[in-house]
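The values are calculated or read from the model by the stated rules, or taken from the named source; none is laboratory data. On a predicted model such as this, the values are computed, not experimentally measured, just so you know. For neighbour counting, all protein chains shown are included, and Cβ atoms are generated from backbone atoms with ideal geometry for every residue, glycine included. Side chains included, ligands, DNA and RNA excluded: accessible areas come from the protein's heavy atoms. Shrake-Rupley method; radii C 1.70, N 1.55, O 1.52, S 1.80 Å.
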Amino acid sequence: RNLNLNREIFIENQIKTVIWLTKTESMSLPVYAPDLWAFRHYVVEFFTVRSGRKSMLPAEILMWHHQGINEPVKILRDRIETNERYLKQLPQTAEANSSRIELLYTIGQLYWCLGDSQKATELLQLGIDTDRQPEHSLCRTWLLNGLAIIHYEKGEYLKAAEIYIDLITNNQNDGILRIDLGITLCALGKYSKAISECKKAVKLNTTNANIWNRIGYIYLAAGKMDEATSAFKKAIQLAPTSSAFYESLAIDYYMLGLTEESFDQIEIANKYAGNETFFLKVYEEVIQGNSEKSIERIQSALISGLISKTDLKRNYNSRILLQSLLEEKSLKEWHSA
């Protein structure tokens with residue numbers, strides 16, 4: 001603000017100044033010193049380490065075989081109630097086992113989306129126990145993938161990796177399993193092997209935007225920012241009306257320090273987000289350097305009921321952006337939710 005108020009001193013005395021800024025300062029300066037910023041002559045952005053900081057990916061990035069369950073809590077509960085009613089109505093016959101197992105998988109995934117991992121585990125395990133098919137059956141693969149995701153969520157990365165490696169032995173062409181193994185290998189610090197699984201997955205699913213998007217996050221976790229950018233752009237190319245993929249690219253640009261490019265992606269995401277714009281506002285505040293304000297926004301929304309703890313937990317982008325602040329002791333209570 002002092003620089004803003006006294007910028008005439010530089011002009012009147014013809015003072016040439018080079019100001020070195022950290023990333024946070026470079027985002028704050030246009031806010032607090034808009035006149036000084038407007039009359040700047042040249043800006044050079046230095047990427048001293050092109051590979052970014054390695055980070056842990058939230059369990060919500062892992063892929064289930066049935067995608068797209070990202071709905072309000074009430075709808076999730078209604079779906080659980082409906083499917084549980086169908087489950088009770090099934091006859092106790094061998095012929096009905098296939099339907100029973102699929103319903104157990106679906107209900108288990110819905111409970112997981114609600115944040116009830118214990119109930120999800122019980123249902124997925126019941127599905128496995130009910131399955132009389134050979135160990136490489138499709139439903140068994142889905143159920144075990146769900147259990148592996150829950151192991152990952154609990155921090156049991158080695159156990160999750162063991163499940164994936166075993167599943168891939170009999171499902172060589174399942175790109176989702178390879179992506180999930182890649183994410184798990186990142187958690188174990190095995191980035192080269194994770195990227196190898198990425199490449200295998202994309203060969204199997206060249207047109208799957210969700211897989212390209214997850215590959216972008218694996219590259220982010222490995223600190224390979226350029227490769228992450230390419231993967232996110234590929235996801236957008238394959239699904240140009242999905243706001244989620246523009247959000248991913250915005251986060252990638254933010255981590256590269258490309259603030260304007262990041263805002264451009266948020267603006268595009270807004271066009272396709274419909275009414276789901278709350279977290280886009282959170283991203284904007286973080287990108288502007290107002291992380292504390294974004295956290296206040298989240299806390300206020302939780303108190304007012306605008307969003308639920310489940311909504312917050314499922315939104316892995318906000319958790320990635322706020323990772324360092326979420327580790328602070330004062331925020332553990334709602335972050336753990």
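In a GNM of the chain with a 10 Å cut-off on Cα contacts, which of I19, I218, I80 has the highest mean-square fluctuation?
I19
Hey, what's the chain come to in accessible area per residue, 1.4 Å probe, Å²?
Averaged over the residues of the chain, the accessible area is 54 Å².
Of the cross-linked pairs K119/K313; K199/K313; K200/K271; K159/K190, which ones have a Cα-Cα span greater than 26 Å in the structure shown?
With Cα atoms farther than 26 Å apart: K199/K313; K200/K271.
In the chain, what percent of the accessible surface is made up of carbon and sulfur (1.4 Å probe, ligands and nucleic acids excluded)?
For the chain, the apolar C and S fraction of the accessible surface comes to 50 percent.
In deg cm²/dmol, rounded to 500, what helix-only [θ] at 222 nm does the chain give when every DSSP H run of at least 4 residues adds -39500 (n - 2.57) and the total is split over its residues?
It lands at -21000 deg cm²/dmol.
Compute the angle between helix 225-238 and the longest alpha-carbon principal axis of the chain, please, reported from 0 to 90 degrees and rounded to the nearest 10.
So the inclination is approximately 60 degrees.
Going Cα to Cα from K193, which aspartates and glutamates come in below 20 Å? Please leave out same-chain ones fewer than 8 positions away.
Once the sequence-local aspartates and glutamates are set aside, what remains near K193 is E156, E162, D166, D174, D180, D226, E227.
Using the Karplus curve 6.51 cos²θ - 1.76 cosθ + 1.60 with θ = phi - 60°, what ³J(HN,Hα) values do you get for each residue of the range 144-158, in whole Hz, with x for Gly and Pro?
5, 4, x, 5, 5, 4, 5, 4, 4, 4, 7, x, 8, 5, 5
Around E285, with a cut-off of 13 angstrom between Cβ atoms, what is the net charge of the other residues, counting Lys and Arg +1 and Asp and Glu -1?
Residues close to E285 contribute a combined charge of 0.
Using a 1.4 angstrom probe with every protein chain in place, what is the largest-first accessible-area order of T130, T141? Present the calculation step by step, with values, prior to reporting the outcome.
Numbers: T130 20, T141 0 Å².
Ranked from most to least accessible, the order is T130, T141.
Keeping all protein chains in position, work out how much accessible area Y32 exposes to a 1.4 Å probe, and write it in Å² to the nearest 10.
So the heavy atoms of Y32 present about 100 Å² to solvent.
Quick one: dipole size for the range 125-227, taken about the Cα centre, charges +1 on Lys/Arg Cβ and -1 on Asp/Glu Cβ, in debye to the nearest 20.
Dipole of the range 125-227, to the nearest 20 debye: 280 debye.
With a 10 Å radius around each residue's Cβ, average the other Cβ atoms per peptide and rank 169-178, 266-275, highest first. Don't jump to the answer; show the numbers that get you there.
Details: 169-178: 18.1, 266-275: 15.0.
Top of the packing list down: 169-178, 266-275.
Towards the positive end of the charge dipole of the chain, with charges on Cβ (+1 Lys, Arg; -1 Asp, Glu), say which of G223, Q172, T206 has the farthest Cα.
Of the options given, the answer is Q172.
Take the alpha carbon gyration tensor of the range 249-327, find the square roots of its eigenvalues, order them as a ≥ b ≥ c, and report rounded if a/c is under 1.5; if not, report prolate when a/b exceeds b/c, else oblate.
Working: a/c = 1.91, a/b = 1.31, b/c = 1.46.
Since a/c reaches 1.5 but b/c is at least a/b, the shape of the range 249-327 is classed as oblate.
Going by the alpha-carbon gyration tensor, a ≥ b ≥ c the square roots of its eigenvalues, is the range 76-184 rounded (a/c under 1.5) or, if a/c is not under 1.5, prolate (a/b greater than b/c) versus oblate?
oblate
In whole Hz, with x marking every Gly and Pro, tabulate ³J(HN,Hα) for the range 283-297 from phi via Karplus 6.51 cos²θ - 1.76 cosθ + 1.60, θ = phi - 60°.
Values, residue by residue: 4, 4, 5, 5, 5, 6, x, 9, 4, 4, 5, 5, 5, 4, 4 Hz.
With all protein chains present, calculate the accessible area of E153 using a 1.4 Å probe and round the result to the nearest 10 Å².
Number for this one is 50 Å².
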